[in-house]
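The values are calculated or read from the model by the stated rules, or taken from the named source; none is laboratory data. Just so you know, these numbers come straight off a predicted model, no measurement behind them. Positions of Cβ are generated from backbone atoms using ideal geometry, with glycine treated the same way; all protein chains shown enter the neighbour counts. Each accessible area value is taken on the protein alone, full model and side chains, heavy atoms only, with ligands, DNA and RNA left out. Shrake-Rupley method; radii C 1.70, N 1.55, O 1.52, S 1.80 Å.
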Amino acid sequence: MSHSRLGRRTLMLAGAASLLTAKSGLTVPARAQGLQPTTSMRGGANNYRPGAPIVDRIGGGGFLMHGTVRRAGDGAPLEGVRIQIWAHTTEGRERDARSHGATLTNADGVFELEMPQIVPAFGQPHGHLAYDSGAFETVFLRPVMDSARDASLAAHFVLQPA
Amino acid sequence: MTLKHLRAVIAWGGLATLIMIPIAVAANSEYLQYRGPIYIAAGFAGIVALAVLLVQPLLAAGLLPRLPIQLGRVVHRWSGLVLLLAIAAHVVGLWITSPPDMIDALTFRAPTLFSVFGVVGMWALLAAALLAAIRKKRWLRPQVWRFSHVFAASAIVAASVSHAMLIEGTMGALSKAALCAAVLCALIWTVWQVKPWRGVRRRQNSRR
């Protein structure tokens with residue numbers, strides 16, 4: 001068996017250099033990739049109840065879940081997209097049906113839904129959001145609040161046509 | 001009151017305070033009103049387990065004043081059983097509260113780092129308990145057994161303290177930090193006292 005003339009050190013250096021180049025964005029892609037689609041977060045789908053009804057607000061409100069929905073590639077805002085939202089709040093647990101609701105994006109691709117104050121559950125104050133309507137790839141998000149005292153939480157979707 | 005008495009009173013009083021304050025703070029947490037009874041019980045089982053971790057090494061090494069080591073070891077075995085039951089209640093209670101979150105944690109797929117620490121601590125606890133169960137069978141030399149048990153115990157403490165500190169729950173931040181620091185100090189002090197690495201390797205020249 002003949003030994004390769006490429007030493008291990010050369011390979012390591014070449015690998016590290018290519019990694020650095022890729023990370024720093026110095027490579028020129030064959031075509032402009034545009035806006036990358038959002039990938040689902042770990043645990044995002046936990047306690048999901050498909051088909052939550054579109055509501056004016058979940059429970060008594062007082063806390064604002066908001067964000068934007070855009071199309072992958074060109075970043076165009078998407079109107080009328082249904083976003084489902086749920087969390088452990090002052091009014092119910094994540095699993096309870098009354099903790100779930102849905103809303104639609106406006107012409108600017110913006111959605112807002114009032115809901116009860118999110119309280120820490122399973123160690124973190126967090127919310128859940130889902131896009132699961134079929135026209136685009138399904139995405140589950142699980143944003144975490146900076147502070148349990150926050151009165152709002154944002155989450156943004158970039159959707160890939162299915 | 002002699003100096004010895006005073007030392008015992010301070011030591012036992014200090015331990016009781018370190019344990020009781022976090023429990024009292026948790027019992028008054030505003031989050032309890034938003035949780036069901038099983039979730040609340042599971043949370044307190046975790047706090048009880050952390051509290052047991054504080055006394056467990058001290059009992060085993062006979063470092064508590066006015067408690068002979070023989071009696072300490074007996075208590076250590078029973079409190080070890082309490083620890084196992086508390087962690088079982090913690091895991092089962094949280095599983096009932098939110099099955100997908102607990103399944104994610106147990107399979108190391110959870111998004112939260114404290115879940116990883118919690119599950120690592122649970123496995124370390126099972127290892128320590130298993131060692132305790134086979135101690136009398138003498139499959140391991142006493143020195144090797146002791147080193148293994150202390151090693152598992154150290155993993156339990158390191159993982160549990162990390163788990164507790166990263167969690168935003170019912171325990172007060174300050175009292176939780178104090179209890180965690182005490183748990184860590186109790187372990188380090190005990191390990192330093194018993195030096196479990198002694199005699200683990202057989203001496204080269206010994207004739208057996």
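With respect to (1) assigned to a helix (DSSP H, G or I); (2) open to solvent by 40 Å² or more (accessible area, probe 1.4 Å); (3) within 30 Å of B:Met20 (Cα to Cα), the lone exception for B:Glu168 is condition (1). Would it be correct to say that B:Leu174 is exposed (fewer than 13 other Cβ atoms within 10 Å of the Cβ), within 30 Å of A:Met145 (Cα to Cα) and without any contact (Cβ under 8 Å) to a residue 40 or more places away in the chain? So B:Leu174 fits the description; yes. Scanning for something farther than 17 Å from B:Ile167 by Cα and of a type outside the set (Phe, Trp, Tyr), does the range B:111-124 turn up at least one residue? Yes, that holds for at least one residue.
When you scan the range B:183-208, how many residues do you find that are closer than 30 Å to B:Ser29 by Cβ and crowded, with 21+ Cβ neighbours inside 10 Å? Quick ask: steps written out before the conclusion?
Going through the range B:183-208, the residues closer than 30 Å to B:Ser29 by Cβ turn out to be B:183-188.
Right, trim to crowded, with 21+ Cβ neighbours inside 10 Å and you get B:183, B:186-187.
Result for the range B:183-208: 3.
Quickly run through the range A:141-162 and pick out the residues that are open to solvent by 30 Å² or more (accessible area, probe 1.4 Å) and more than 15 Å from A:Glu79 (Cα to Cα).
Passing the criteria: A:Val144, A:Asp146, A:Ser147, A:Arg149, A:Asp150, A:Ala151, A:Ser152, A:Ala154, A:Ala162.
On inspection, A:Ser133 does not qualify as of a type in the set (Ser, Thr, Tyr) and within 25 Å of B:Ile167 (Cα to Cα). Here is the figure for the range B:109-137: residues that are within 14 Å of chain A (Cβ to nearest Cβ), surrounded by 19 or more Cβ atoms within 10 Å (Cβ to Cβ), assigned to a helix (DSSP H, G or I) and hydrophobic (A, V, I, L, M, F, W, C) total 3.
Residue by residue, here is whether (1) more than 27 Å from B:Ala105 (Cα to Cα); (2) within 11 Å of another protein chain (Cβ to nearest Cβ); (3) part of a loop (DSSP other than H, G, I, E, B) holds:
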site	(1), (2), (3)
A:Ala52	no, no, yes
A:Gly61	yes, no, yes
A:Met65	no, no, no
A:Thr68	yes, no, no
A:Gly80	yes, no, yes
A:Ala102	yes, no, no
A:Gly127	no, no, no
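Of all residues in the range B:96-106, count the ones that are open to solvent by less than 70 Å² (accessible area, probe 1.4 Å) and either more than 19 Å from A:His126 (Cα to Cα) or more than 13 Å from chain A (Cβ to nearest Cβ) (or both). Total meeting the criteria: 1. Here A:Leu141, A:Leu113 are screened, and the one residue that is more than 14 Å from every other protein chain (Cβ to nearest Cβ) and touching a strand residue (DSSP E or B) at 6+ places or on another chain (Cβ under 8 Å) is A:Leu113.
Criterion applied to B:Ala60, B:Ala88, B:Ala8, B:Ala51 was being out of contact with any His (no Cβ under 7 Å at 6 or more places or on another chain) and either open to solvent by 20 Å² or more (accessible area, probe 1.4 Å) or not in a helix (DSSP H, G or I) (or both), and the one residue passing it is B:Ala88.
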